[in-house]
Amino acid sequence: MNLQSKLPTVGTNIFSIMSGLANQHGAINLSQGFPDFDCPEALQDRVSFHLKNGKNQYVPMAGVPLLRERLAKKMEHSYGTPIHPDTDITVTAGATQALFTAITAFVHTNDEVILIEPAYDCYRPAIELAGGIPVIYELHGPDYQINWDDFAKLISPKTKMIVINTPHNPIGKVRSAADMEELQRLTKDTDIIVLSDEVYEHLIFDDATHQSVLRFPDLYQRSLLVYSFGKTFHSTGWKMGYCVAPEYLMREFRKVHQFNVFSCNSFVQYGIADFLENAERYESLPTFYQQKRDFFQKEMEGSPLQPLSSEGSYFQLYDYSKVSDLPDLDFAKYLTKEIGVAVIPVSAFYSSGRDERVVRFCFAKKEETLASAGKLLREIG
């Protein structure tokens with residue numbers, strides 16, 4: 001049969017490759033972004049309660065009403081912007097589904113979508129499947145700052161969407177209020193939609209503030225925001241997330257959502273709704289993850305790898321240029337096979353394959369896991 005692939009350049013993603021190598025060689029897996037500790041017991045209890053008490057059938061397409069009400073209160077509490085639970089929130093089968101739905105709901109053939117790279121790997125394929133054209137703005141290490149004058153040159157009459165991510169995977173940077181104000185200024189009086197990936201909203205360090213799009217009313221009126229319960233509550237395997245947007249955008253989002261997923265896991269939604277009653281359960285996360293970042297950095301003292309700034313997310317970049325001239329994929333394989341610690345090469349997050357001799361570590365792990373990895377990595381060279 002003669003098949004024409006819609007994604008001819010896509011193969012096995014880097015996360016599967018490196019996790020596979022980690023399993024093959026018995027390496028400590030600091031590559032793929034998932035915790036090796038369990039989600040809160042209180043959350044498990046509430047989910048189990050609803051599983052055993054009949055919450056096992058379809059729920060409304062947009063999500064359990066109580067969960068959307070709790071989320072609306074959470075967003076207003078966190079960012080000061082009123083959100084209508086009936087019209088402005090949709091519960092999704094993970095953040096990736098929300099991102100895919102948002103892109104395919106608005107991007108038409110030959111529309112341009114600006115991506116800031118390095119970028120999470122699901123954005124570009126969704127744009128291409130929708131017939132859109134990715135337009136790439138590359139960040140350069142070690143600071144990975146946006147030059148907004150250069151960024152503005154990429155905007156054209158064909159620009160339909162700009163995708164942003166803060167806190168950022170893989171680089172761990174947090175966009176400032178000034179960054180968001182520039183984005184708001186550049187998109188004012190245009191038809192450009194902003195897709196804001198904020199799945200690490202509560203994983204932010206050193207007393208910084210997450211500059212959500214919700215803090216910028218004019219910007220929010222043209223934006224869709226995506227969040228992840230998996231990232232927030234250490235339950236990535238549940239694949240639960242949600243999207244927030246003004247009603248006129250959410251209406252279009254739901255047109256795709258209802259034929260893509262229709263509705264999401266019932267008893268998990270009820271359990272999360274109960275768990276969200278206590279704001280401390282997510283407000284404590286910056287301290288929780290900063291302790292892990294700091295612990296990992298301390299365990300890495302004495303290693304020839306040089307840390308870059310990690311301001312948010314649960315990722316830490318290390319520069320290995322003083323250790324090796326190997327391309328970053330080869331160096332990542334070397335660390336996995338020979339040292340016993342699996343990492344992700346940052347070039348995998350660039351369409352161009354840009355290689356700055358930097359690799360990404362995930363520190364969402366138990367202290368004993370991080371300590372074991374640090375011991376091995378201190379012995380390099």
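Each reported figure results from applying straightforward, stated rules to the coordinates on display, with no laboratory input. Note that the structure is a prediction, hence the values are computed from the model and not measured. Here the Cβ is made from the backbone with ideal geometry for all residues, glycine too, and neighbour counts use every protein chain on show.
Some observations on this one:
- Ranked by how many other beta carbons lie within 10 Å on average, peptides 85-93, 152-160 from highest: 85-93, 152-160
- DSSP-loop chymotrypsin sites (Phe, Trp or Tyr not before Pro) across region 1-83, with at most 13 other Cβ within 10 angstrom: 37, 58
- A DSSP coil position with no more than 16 other Cβ atoms inside 10 Å describes the following GluC sites (Glu not before Pro) in region 248-304: 277, 301.
- Length added when fully stretched, residue 181-residue 208, from 0.36 nm per residue minus Cα-Cα: 8.0 nm
- In this simple spin-label model, placing a label point 7 Å from the Cα along the Cα-to-Cβ direction at both residue 367 and residue 322 gives a separation of 2.8 nm.
- Region 167-227: equivalent-ellipsoid semi-axes (sqrt of 5 x gyration tensor eigenvalues, Cα, Å): 21, 12, 10
- Take every DSSP beta bridge whose two residues both sit in the chain; close to 45 percent of them are antiparallel.
- Helix-only mean residue ellipticity at 222 nm for the chain, each DSSP H run of n ≥ 4 adding -39500 (n - 2.57), per residue, nearest 500: -11000 deg cm²/dmol
- Rg over Rh [alpha-carbon atoms, Kirkwood Rh] for region 181-305: 1.04
- Largest-first ellipsoid semi-axes for the chain, taking √(5λ) over the Cα gyration tensor eigenvalues, angstrom: 32, 26, 21
- Share of Cα-Cα pairs in region 325-377 lying beyond 17 Å, as whole percent: 38
- Using C-alpha pairs below 8 Å separated by at least 6 residues, the relative contact order for the chain is 26 percent.
- Residues of type lysines that residue 153 reaches as a straight line, Cα spacing below 25 Å, ignoring anything fewer than 8 places off in the same chain: 173, 188
- Segment residue 49-residue 351, length gained on full extension (0.36 nm per residue, minus Cα span): 104.2 nm
- Debye intensity ratio I(q)/I(0), log10, region 1-110, q values 0.09, 0.17 Å⁻¹ (C-alpha model): -0.47, -1.15
- In the structure shown, the pairs 239/366; 322/365; 231/366; 239/333; 298/365; 337/365 are assessed against 24 Å; a Cα-Cα span above that value is assigned to 322/365; 239/333.
- Distance cut-off 18 Å, percentage of C-alpha pairs in region 288-353 lying past it: 42
- Over region 95-230: Rg over Rh, Cα atoms, Kirkwood Rh: 0.93
- Spread over its residues, the convex hull of the C-alpha atoms of region 224-381 is 160 Å³ per residue.
- Placing +1 on each Lys and Arg Cβ and -1 on each Asp and Glu Cβ, with no other charges, gives the chain a dipole about its Cα centre of roughly 960 debye.
- For region 327-335, putting each phi into the Karplus relation 6.51 cos²θ - 1.76 cosθ + 1.60 with θ = phi - 60° gives couplings of x, 5, 5, 5, 5, 4, 5, 4, 4 Hz, in residue order, rounded to whole numbers and with x for Gly and Pro.
- Amide hydrogen neighbours beyond the local backbone of residue 133, cut-off 5 Å, H modeled: 110, 111, 112, 113
- Computed extension gain for residue 110 through residue 294, at 0.36 nm per residue and net of the alpha carbon distance, reaches 61.7 nm.
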